[in-house]
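The values are calculated or read from the model by the stated rules, or taken from the named source; none is laboratory data. Given the structure is predicted, the values throughout are model-derived calculations rather than measurements. Ideal geometry is used to build each Cβ from the backbone, glycine not excepted, and the neighbour counts take in all protein chains shown. Ligands, DNA and RNA are stripped out before the accessible areas are found, and what is left, the full protein with its side chains, is counted by its heavy atoms. Shrake-Rupley method; radii C 1.70, N 1.55, O 1.52, S 1.80 Å.
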Amino acid sequence: MATNTPSVRIAEIYRRKIRDGELRPGDRLPTVKVLAEQHGVATATARAALSHLRVEGYITVTQRGSFVNDAPTTGSSAHDRFDRIQRTGRALGDGESKRVTAAELIIPPAYVCELFDVPPMTQVVRREYVVGSGIKRLSLSVDWYPLEFAEIVPDLLSTAPKEGDDLLQKIERATGRQVKYGRDSMHARTADRREANHLGVAVGASVLAVAHDWSDDEGVILYGETVMPERLTIGYEYRL
């Protein structure tokens, strides 16, 4: 989706109004005709703007009009606001945002120690974050990194939103290591309480759990786990 089209610009105006609380759940948006008149565009363009908002989960379109959706119950409204950031190399999708909820040194589960080939009870870096689109939660992720990376790349232990390079690029530049191998695995299961709270779904709801590890000849550089709610489509592009 082009980011400079009139329909996208109009949609972003209303995204901001909803994010900032100027428009509350249940509030009605202007009609297609009124939107077109206010912004000096064709009705088809105004209708496309509402379509963007509907697809992203901001609004519900009915015969009575377009209304702001209710936000999932996952905590206080301030806590649930996403900080819009972009990751160089693989940018978030249009309208998507990421909120880092934890960045810490902890003793991980035994299988993580095995993946990094370190002794049990060895600390590693754990980063947890939620990706959303509008008021929808699209995924909950946890990334794990070796302990020594924390001193070389201090941003690994920061939850503050940062523009610019992504962490993997910083790690590769700082360590001289570069991802050469990748492996993904996935399976369907049900959400536990922590996952349900972050995703705004019921405990026991169906989710897709995805795990990946990226490595070089020295070992694993990044191991990540992501959980996504049902009815969310993921895909890969590749050449044959």
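Observations
- Residue match in segment 81-93 (condition: modelled with pLDDT of 85 or more, in contact with a strand residue (DSSP E or B) (Cβ under 9 Å, 6 or more places away or on another chain) and surrounded by 15 or more Cβ atoms within 10 Å (Cβ to Cβ)): no
- Across segment 115-158, the number of residues qualifying as surrounded by 16 or more Cβ atoms within 10 Å (Cβ to Cβ) and in a loop (DSSP other than H, G, I, E, B) comes to 5.
- Residue in segment 193-210 that is open to solvent by 80 Å² or more (accessible area, probe 1.4 Å) and either charged (D, E, K, R) or closer than 15 Å to V142 by Cα (or both) present: yes
- Filter result for R231 (surrounded by fewer than 18 Cβ atoms within 10 Å (Cβ to Cβ), at positive phi and of a type in the set (K, R)): yes
- Residue within segment 42-54 that is modelled with pLDDT under 85 and surrounded by fewer than 14 Cβ atoms within 10 Å (Cβ to Cβ) present: no
- Residue within segment 7-21 that is crowded, with 19+ Cβ neighbours inside 10 Å, polar (S, T, N, Q) and either modelled with pLDDT of 85 or more or assigned to a helix (DSSP H, G or I) (or both) present: yes
- Of all residues in segment 166-191 being among the acidic types (D, E) and within 19 Å of the chain's Cα centre (by Cα), the one that is surrounded by the fewest Cβ atoms within 10 Å (Cβ to Cβ): D184
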